[in-house]
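The values are calculated or read from the model by the stated rules, or taken from the named source; none is laboratory data. Computed from a predicted model, the values in this text were never measured in an experiment. We place every Cβ from the backbone using ideal geometry, glycine too, and count neighbours over all the protein chains shown.
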Amino acid sequence: MTLILGIALALGCALTTNLGFIYKHRGACQAPAVDFRHPVICARQLFSTRLFALGMLIACGSWVFHIAAMSLVPLSVVQCVLAGGIVMLAIMAERVYAACVGRRQWAGLAMTALGLIMLGVSLPPDHDAHSRFSVPGMIVFEAVLIVMGTLLILGPRIGAPRQHHGVMFGAASGILFGVSDISIKALTGIVGAHGLLGLASPWLVVTVAASIIAFFSSAKGLQDGEAVPVIAVTSTAANVSGIVGGLVVFGDPFPTSGVGIAFQAVAFVLVIVAAWFTPAPTRAAGLITA
């Protein structure tokens with residue numbers, strides 16, 4: 001029952017995350033260009049647009065779903081379910097914005113559904129939250145992600161092609177959201193063991209700092225790039241970071257038999273490939289505008 005509830009919460013998070021992103025894109029396009037040197041002014045300008053504020057409100061709801069899901073099931077399972085949100089994005093683009101979703105996108109939907117079914121069937125009986133982690137391993141893994149995100153943010157300043165700026169900022173924000181997710185996962189275990197005193201952990205600082213930088217990077221990416229490709233790459237980067245973090249940092253479980261290991265590995269690969277295989281319909285980007 002805990003596993004089912006955790007997956008249901010993750011699906012709710014996936015749906016609300018993409019809905020929030022769509023509203024944030026429309027609002028970000030109405031605001032002045034994001035300037036990392038003036039974060040307070042930029043934040044005020046972004047939130048002054050009604051659609052961006054609404055998108056952030058929806059995103060806060062998805063964040064609650066996300067934390068609740070991470071407190072119930074392994075991080076890699078949560079992120080794998082969230083990867084299906086990219087397929088939801090394609091469906092929303094077609095149904096809400098009359099975008100054309102081709103056979104490639106629907107193939108991604110089929111792969112995601114199959115991957116999630118295989119994942120649920122292959123999981124071992126132990127489905128606890130798996131919040132225990134190695135501090136040195138956590139530091140190294142988070143540091144690697146932070147360096148990757150920083151390099152992507154700096155990419156446009158060091159000569160990256162203009163047409164790639166939106167996607168680069170989106171990827172950077174996704175990686176930094178992954179940093180935040182992994183830190184939050186650690187905090188759920190620390191708070192569970194020590195109560196509210198656990199919030200004095202330095203991982204809370206990492207969570208807040210990564211979230212703030214990811215917020216501005218995401219807004220900049222939505223301004224510089226087409227909506228759905230940027231949202232898709234943001235989600236993919238966050239999902240992959242979270243899945244790998246769950247396995248590497250928290251030791252999320254794998255089956256013990258060879259068949260089970262192969263079955264679950266194929267499940268993860270299917271969902272991750274589906275996230276890449278289902279890019280945004282190009283017509284959707286033009287429709288999701290202010």
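Points worth noting:
- Candidates LEU72, LEU46, LEU51 - the one that is at pLDDT 85 or above, crowded, with 17+ Cβ neighbours inside 10 Å, more than 15 Å from THR17 (Cα to Cα) and in contact with a helix residue (DSSP H, G or I) (Cβ under 6 Å, 6 or more places away or on another chain): LEU46
- Any pair with Cβ under 6 angstrom, 6 or more apart, that starts in the range 148-166 at a residue that is at positive phi and aromatic (Phe, Trp, Tyr) and ends at one that is assigned to a helix (DSSP H, G or I) and loosely packed, with under 14 Cβ neighbours inside 10 Å: none
- Hey, PHE36 in contact (Cβ under 8 Å) with a residue 24 or more places away in the chain, surrounded by fewer than 16 Cβ atoms within 10 Å (Cβ to Cβ) and among the aromatic types (Phe, Trp, Tyr) or not: yes
- Odd one out for VAL64, checked against (1) surrounded by fewer than 18 Cβ atoms within 10 Å (Cβ to Cβ); (2) farther than 20 Å from SER235 by Cβ: (2)
- Sole residue being more than 18 Å from SER241 (Cα to Cα), surrounded by 15 or more Cβ atoms within 10 Å (Cβ to Cβ) and polar (S, T, N, Q), chosen from GLN163, GLN223: GLN223
- Meets criteria (over 16 Å from PHE216 (Cα atoms) and in contact with a helix residue (DSSP H, G or I) (Cβ under 6 Å, 6 or more places away or on another chain)) for THR2: no
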